[in-house]
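One structure below.
The values are calculated or read from the model by the stated rules, or taken from the named source; none is laboratory data. Being a predicted model, the structure only gives us computed values, none of them experimental. Every residue, glycine as well, gets a Cβ built from its backbone with ideal geometry; the counts of neighbours run over all protein chains shown. Surface accessibility is based on the protein's heavy atoms, side chains included, excluding ligands, DNA and RNA. Shrake-Rupley method; radii C 1.70, N 1.55, O 1.52, S 1.80 Å.
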Amino acid sequence: MDLKELYRDVILDHNRHPRNFGRIEPADGRAEGHNPLCGDRLSVFVVLDGERVADIRFEGRGCAISTASASLMTEAVKGKDRTAIRALFDKVHALLTHPDAAPDGALGKLAALAGVREFPVRVKCASLCWHTLNAALEHGAATISTE
Amino acid sequence: MAANLSLAAPPPFDAERVRRDFPILDTMVNGHPLVYLDSAASSQRPLPVLRAVEDYETHSHANVHRGVHALSQAATAAYEGARERIRRFINARSTREIIFVRGTTEGINLIAQAYARPRLRAGDEILISALEHHANIVPWQMVCEQTGCTLKVAPINRRGELLLEEFLKLLNPRTRLVAMAHVSNALGTVLPVKRIIEAAQSFGAVVLIDGAQAVPHSRVDVRALGADFYTFSGHKLYGPTGIGVLYGREELLAAMPPWQGGGDMILTVSFEKTTYNELPWKFEAGTPNMSGAVGLAAAMDYVESLGVEAIAAHEQRLLQLATAELARLPQIEIIGSAAHKASVLSFTMKGVHPHDLGTILDAEGVAVRTGHHCAMPVMTFFGLPATARASFGCYNTERDVASLVQALGKAREVFA
């Protein structure tokens, strides 16, 4: 169990200085995510240009893994269309849960989340933002929970 | 309770010897010897408890109160013997006042559904404190929905203490039931339950005390307290999970309808009319947790062999040491600084979310609870999503406190 694998510099940096942090109002889609086990909450706001996410922000309060994951996610999906975002989510999910998943080149900085899979109770921290984004894109407005 | 603790002369207490009774403490966690600081969530079990359960399962198990055969009699004797052991431990008048339940949560729900629900109606009030565990909030909210009665909450101060004056002001003739923790699980605050009980009863209210966090740390005498109902869990008292105790004054229990129907809680059943069993079995429908009861009785033997007061004094020394050590760390904020506390230390570290703190401490072999401790209103009061909580039991040592401090240093390094 290597803490340095979990808390890589990229994670610590995005935790300390989250990118795209804040609200967008009005937004084309927004959703709230909640992890009742630890009390973490975050909101995701998206502005759409057709199928493309033209702008995205998040706000909330959570652990370093959930904050960094959300920050990295906003950077990664901005400018991408729904199909590309879904494909990226699948890659992130595989990275977080499959013991042998080699980081896919398409992941870019998101590959920093690879260490999370050694800490199964923390996987939900990293995936909360993606489920929330999914809800914001699918339903326009929703509240989702990890439980 | 706490007053008694501070008066007690420190008796010789050999925690190193106590540790040898708990085989699980030899576990290695992530390459480090386990430092178990989560007894407030669930304590570990000593060998005498493990052996008593094994002995029951190996030599005495059959169903209770049923057969005339030898094993059924042995099981009944073991189960009812455990009830008598528990009666002595809390100084109840009679074993008719000792109901076996799954744990504190079930004890509270039993009173909510079998005492409060049939009696309370719109306009009546149930009074709790802002320190309560969800298990002492939600069952009362359910009763409010079912009967139209109102839930009132006595406030706390920034130290995590009940505002007694405010509590007294909330009491009135409509207050039918007061339900309070004896010790707060999230902050460790010891509540002045004797005073609370006297005041509430003077208004004609009955009082339920949630003793889950108190029984492991103090001598509880239900008659001296004057409690109407008192409930606690076995697994926080070095006993098994799935077993707990609801004490109730006999006249109150006798006047209550059964909670659950089934076997063992009846005398006769016909399709026209069923007559219920006597106390305490009226409230024990179905085959009970006999091995759990036996294990809990063994846990009480064990605790008394060490001395309840000696354990409490030992834990208080550790609490004071840990409080002083953590207070010296600039990034640490201790949450809950009541004048009277049990050995629970809730804290946060600046710049490090409790969830991350828990992971880093675990990597060092240190087990603490992180989260809202099933007391979200307490967290909301302090404006926190969560805290880390270290809690101490009879097997903890000064070395464990040092390991905690060292692991907190590690967390500061990672998040430097």
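Some observations on this one:
- Most mobile of B:Y238, B:Y247, B:Y115 in a GNM of chain B (Cα contacts under 10 Å): B:Y115
- Extreme residue, positive dipole direction of the range A:37-147, given options A:P120, A:A54, A:I144 (C-beta unit charges): A:P120
- Separation between Cα centres of the range B:245-277 and the range A:73-139, rounded to whole Å: 55 Å
- Volume of the Cα convex hull of the range B:30-98, divided per residue and given in Å³: 144 Å³
- Positive dipole terminus of chain B, leading residue within B:L168, B:V405, B:C144 (C-beta point charges): B:L168
- The protein assembly as shown - share of DSSP beta bridges that are antiparallel (%, nearest 5): 65 percent
- In whole angstrom, the range B:158-277 maps to an equivalent ellipsoid with semi-axes of 31, 21, 11, each derived as √(5λ) from the alpha carbon gyration tensor and ordered largest first.
- Summed over the residues of the protein assembly as shown and divided among them, the accessible surface reaches 41 Å² per residue at a probe radius of 1.4 Å.
- A simple spin-label model places pseudo-atoms 7 Å from Cα toward Cβ; at B:E398 and A:S145 they are separated by 4.7 nm.
- Net charge over other residues, Cβ less than 10 angstrom from the Cβ of A:L128 (K, R count +1; D, E count -1): +1
- Rounded to 5, percent antiparallel among DSSP beta bridges of the range B:50-304: 45 percent
- Cα-based Rg of the range B:345-416 normalised by 2.2 N^0.38 Å, two decimals: 1.10
- Debye-sum result for the protein assembly as shown in log10 I(q)/I(0), which assumes one identical scatterer on each alpha carbon, at q = 0.10, 0.11 Å⁻¹: -0.93, -1.07
- Using the Cβ of B:L162 as centre and a radius below 11 Å, the other residues enclosed give a net charge of -2, where K and R count +1 and D and E count -1.
- Charge dipole of the protein assembly as shown (Cα centre as origin; +1 on each Lys and Arg Cβ, -1 on each Asp and Glu Cβ, all else neutral): 780 debye, rounded to the nearest 20.
- Distance (nanometres) between label positions extended 7 Å along Cα→Cβ at B:H69 and B:T268: 2.9 nm
- Radius, Kirkwood style, for chain B when every pair of distinct Cα atoms is counted (Å): 22.3 Å
- Average partner coverage of B:348-356, which counts Cβ from other chains inside 10 Å: 5
- For chain A, dividing the convex hull volume of the Cα atoms by the residue count gives 96 Å³ per residue.
- Members of the range A:1-29 that become less accessible by 10 Å² or more once partner protein chains are added (1.4 angstrom probe, chain alone as reference): A:M1, A:L3, A:K4, A:Y7, A:L12, A:N15, A:R16
- The B-A contact accounts for approximately 1500 Å² of buried accessible area, totalled over both chains at a 1.4 Å probe radius.
- Comparing B:A224, B:A82, B:A375 in a Gaussian network model of chain B, where Cα atoms under 10 Å apart are tied by springs, the biggest mean-square fluctuation is seen for B:A224.
- Of all accessible heavy-atom area on chain B, the percent that carbon and sulfur account for (1.4 Å): 53 percent
- Residues listed by number, the range B:216-243, amide nitrogen under 20 Å from B:S202 label point at 7 Å toward C-beta: B:224-229
- The angle separating the long axis of helix B:70-90 from the principal Cα axis of greatest extent in chain B is about 60 degrees.
- Apportionment of accessible area to carbon and sulfur, chain A, percent (1.4 Å): 49 percent
- Ratio Rg/Rh [Cα only; Rh per Kirkwood] for the range B:1-126: 1.07
- Extending 7 Å from Cα along the Cβ direction at A:A106 and again at B:N91 yields two label points whose distance is 7.1 nm.
- The range B:225-290, dipole about Cα centre (Lys/Arg Cβ +1, Asp/Glu Cβ -1), debye to the nearest 20: 180 debye
- Using the Cβ-Cβ distance between B:L168 and B:A255 with R0 set to 25 Å, the FRET efficiency from 1/(1 + (r/R0)^6) comes to roughly 0.35.
- Relative contact order of the range B:50-304, pairs being alpha-carbon contacts under 8 Å that are 6 or more residues apart, as %: 24 percent
- Among A:P103, A:L88, A:V44 - extreme Cα towards positive end, dipole of chain A, charges at beta-carbon: A:V44
- Interface residues of the range A:41-87, defined as those losing at least 10 Å² of solvent-accessible heavy-atom surface relative to the isolated chain (probe radius 1.4 Å), are listed as A:R61, A:G62, A:C63, A:A64.
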